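The values are calculated or read from the model by the stated rules, or taken from the named source; none is laboratory data. Worth saying up front: this structure is predicted, and the values here are computed from it rather than measured. A quick note on method: Cβ atoms are made from the backbone with ideal geometry, for glycine too, and the neighbour counts reach across all protein chains shown.
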Amino acid sequence: MKTHTQLFCLLLILCAGCGIKAKLDKKSNVPTLNLREYPSTASEVVGAVQRGDRKSKVVDRSLHPERLYISRDSFITDYWYRLQSNRHDGWAFGAYLKGVDPDEVLPRGYLTGFADTLQYNSTRPKRTRTAQKNYETTDLTDWQTEEIDLPSREIDLIGKTGKSGVLGFDFERNHGRIVRALRFKPITDAVEDRYNLPPGMLMAMLVQESNGIPFLTNASDDGGAGMIHMQPSTASAFGLEILDDNEQLRDFDHGAKLRKLTESLSEDPYLLMEMDDRFHILLNIDAAGRMLAHYMSKGANPSYGGPLRSAIARYAGRTNYQNYYKRLQEFMTQLYSREFLTQVEEQFNRDHSNSQLSLGAYHTAWWEALEQAFDLAAYRELEAYEPENSEAVMRTFYRYLVPQKP
């Protein structure tokens, strides 16, 4: 049984996350019930109802229950329920709702099974590979791009975007980054396969670097750009052509110029791609793949660990390595979690139920467009490589990059 004290403490926890104090109902002397925008404590409070309210109608239930800790050793597990009335519309934690049977309030059927297509797997089919190459040179210099219209970017996606990427509370940011980034899964998959990199690693880096937002430059305007950000000096070292032939590690004048270009040419992505290879989605991600292959081939640095962690450190830099590595672990865990990706699909389909646009239809449209625009079928036929240390990395990466087992 949930005690009165437990429920009161739990509400204080819910309110503390958003900076709103618990209010007391004068009649019952218990706090009001906060409503969240999404079914998660990591989402924003959008309203409140008085305990004992009888005007609200339960119209939906979350697919998965959530565990909320009251103390270190005590927790409550329950579903979230969507409450609607003429005054409010939001999600309440089920522990506060009396007489609600989860078997009687089922989710509205927002799932199509597309999450299974999104989920990553730690193995890949065998293919013939060349032992080694000079990864600092590119064989995509004359790669042909077909200037087809990419799917509309006007659709409302969860989480607002700004200079630093997807904004909002944790729920919005986590879902918004993944939904945007997975639009580019066919490209990251193809590059990871070509250079025998851990499945999902480039995608996790893309989530971290650009949040899946095309043409997002570094928030500091230090000159970094690309779906997987590369500084001018790094991109140039790996064979990309940079605006004004810039080869600086950091150049704030260059960064300011890049930002102006992306703002003025946001409706002409192919012109941006011609002006700087880092804006060319395939060239950028292929260069990032070659960069990791090159760094892995250098072997282990005892300061960081094995060849994979050392490769990440060589990219992120010594001072940023620990934080960057933890972020990659977080995103890799999400990409390998069927439960998380199912929640992403459920929420996307719920948000677009009026237009009947599903996450599967949305991503499939993007994937088909990218296949045609960048001729990914031809890219997959290119020679594949086995960088030094890559087989050892493939055997062990899951242990290190997905520590929170899905």
I'd like to verify a number: residues in the range 150-181 that are within 19 Å of Tyr362 (Cα to Cα), polar (S, T, N, Q) and part of a loop (DSSP other than H, G, I, E, B), how many? 1
Could you tell me whether Ala300 is in the same structural domain as Leu370 (by TED's automatic domain parsing), within 19 Å of Glu388 (Cβ to Cβ), among the hydrophobic types (A, V, I, L, M, F, W, C) and at pLDDT below 95? yes
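Criterion first (crowded, with 21+ Cβ neighbours inside 10 Å, in contact (Cβ under 8 Å) with a residue 24 or more places away in the chain and not polar (S, T, N, Q)) does Gly239 satisfy it? It would help to see each step written out before you state the result.
Values: crowded, with 21+ Cβ neighbours inside 10 Å: no; in contact (Cβ under 8 Å) with a residue 24 or more places away in the chain: yes; not polar (S, T, N, Q): yes.
Answer is no for this residue.
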Flag if Gly289 is touching a Lys or Arg at 6+ places or on another chain (Cβ under 8 Å) and either within 18 Å of Met203 (Cβ to Cβ) or touching a residue at least 24 places away in the same chain (Cβ under 8 Å) (or both): yes
Leu382 versus (1) part of a loop (DSSP other than H, G, I, E, B); (2) crowded, with 21+ Cβ neighbours inside 10 Å: which is the lone unmet condition? (2)
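Kindly indicate whether Gly212 is more than 21 Å from the chain's Cα centre (by Cα), at pLDDT 95 or above, in the same structural domain as Glu346 (by TED's automatic domain parsing) and assigned to a loop (DSSP other than H, G, I, E, B).
Details: more than 21 Å from the chain's Cα centre (by Cα): no; at pLDDT 95 or above: yes; in the same structural domain as Glu346 (by TED's automatic domain parsing): yes; assigned to a loop (DSSP other than H, G, I, E, B): yes.
Spelling it out, it is not the case that Gly212 is more than 21 Å from the chain's Cα centre (by Cα), at pLDDT 95 or above, in the same structural domain as Glu346 (by TED's automatic domain parsing) and assigned to a loop (DSSP other than H, G, I, E, B).
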Lone unmet requirement of (1) crowded, with 17+ Cβ neighbours inside 10 Å; (2) among the β-branched types (Val, Ile, Thr); (3) closer than 21 Å to Leu359 by Cα for Ile155: (1)
Criterion first (touching a residue at least 60 places away in the same chain (Cβ under 8 Å) and either touching a Leu at 6+ places or on another chain (Cβ under 8 Å) or assigned to a helix (DSSP H, G or I) (or both)) does Thr128 satisfy it? no
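With the structure loaded, tell me whether Asp193 is at pLDDT 95 or above, part of a helix (DSSP H, G or I) and either buried (at least 16 other Cβ atoms within 10 Å of the Cβ) or touching a Leu at 6+ places or on another chain (Cβ under 7 Å) (or both) or whether it fails that test. Lay out the reasoning, then the answer.
Details: at pLDDT 95 or above: yes; part of a helix (DSSP H, G or I): yes; either buried (at least 16 other Cβ atoms within 10 Å of the Cβ) or touching a Leu at 6+ places or on another chain (Cβ under 7 Å) (or both): yes.
For Asp193, the condition - at pLDDT 95 or above, part of a helix (DSSP H, G or I) and either buried (at least 16 other Cβ atoms within 10 Å of the Cβ) or touching a Leu at 6+ places or on another chain (Cβ under 7 Å) (or both) - is met.
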Do the conditions hold for Asp25, that is, is it exposed (fewer than 12 other Cβ atoms within 10 Å of the Cβ), modelled with pLDDT under 80 and out of contact with any Leu (no Cβ under 9 Å at 6 or more places or on another chain)? no
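Yes/no per residue for (1) outside any helix (DSSP H, G or I); (2) on the phi < 0 side of the Ramachandran plot; (3) surrounded by fewer than 22 Cβ atoms within 10 Å (Cβ to Cβ); (4) in contact with a His (Cβ under 7 Å, 6 or more places away or on another chain):
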{"position": "Arg259", "(1), (2), (3), (4)": "no, yes, yes, no"}
{"position": "Thr262", "(1), (2), (3), (4)": "no, yes, yes, no"}
{"position": "Glu267", "(1), (2), (3), (4)": "yes, yes, yes, no"}
{"position": "Glu274", "(1), (2), (3), (4)": "no, yes, yes, no"}
{"position": "Leu282", "(1), (2), (3), (4)": "no, yes, no, no"}
{"position": "Tyr315", "(1), (2), (3), (4)": "no, yes, yes, no"}
If you check Glu368 against the conditions, is it outside any helix (DSSP H, G or I), over 19 Å from the mean Cα position of the chain (by Cα) and farther than 19 Å from Gly176 by Cα? no
Count of the range 331-364 residues which are loosely packed, with under 15 Cβ neighbours inside 10 Å and in contact (Cβ under 8 Å) with a residue 60 or more places away in the chain: 3
What is the residue count in the range 28-56 for residues that are modelled with pLDDT of 85 or more and closer than 24 Å to Glu346 by Cβ? 14
Consider only pairs whose beta carbons are under 6 Å apart and that are at least six residues apart or on different chains; among these, list those whose first residue lies in the range 260-274 and is free of Cβ contacts under 8 Å to residues at least 12 places away in the same chain and closer than 20 Å to Phe374 by Cβ and whose second residue is aliphatic (A, V, I, L, M) and crowded, with 19+ Cβ neighbours inside 10 Å. Leu265/Leu272
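Does Phe184 satisfy the criteria of being in contact with a Leu (Cβ under 7 Å, 6 or more places away or on another chain) and part of a loop (DSSP other than H, G, I, E, B)?
Numbers: in contact with a Leu (Cβ under 7 Å, 6 or more places away or on another chain): yes; part of a loop (DSSP other than H, G, I, E, B): no.
No.
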Of (1) crowded, with 17+ Cβ neighbours inside 10 Å; (2) among the polar types (S, T, N, Q); (3) modelled with pLDDT of 80 or more, Thr123 satisfies every one except (1)
Taking the range 137-170 and keeping only residues that are under 15 Å from Asp375 (Cα atoms) and among the β-branched types (Val, Ile, Thr), one is left with Thr141, Thr145, Ile148
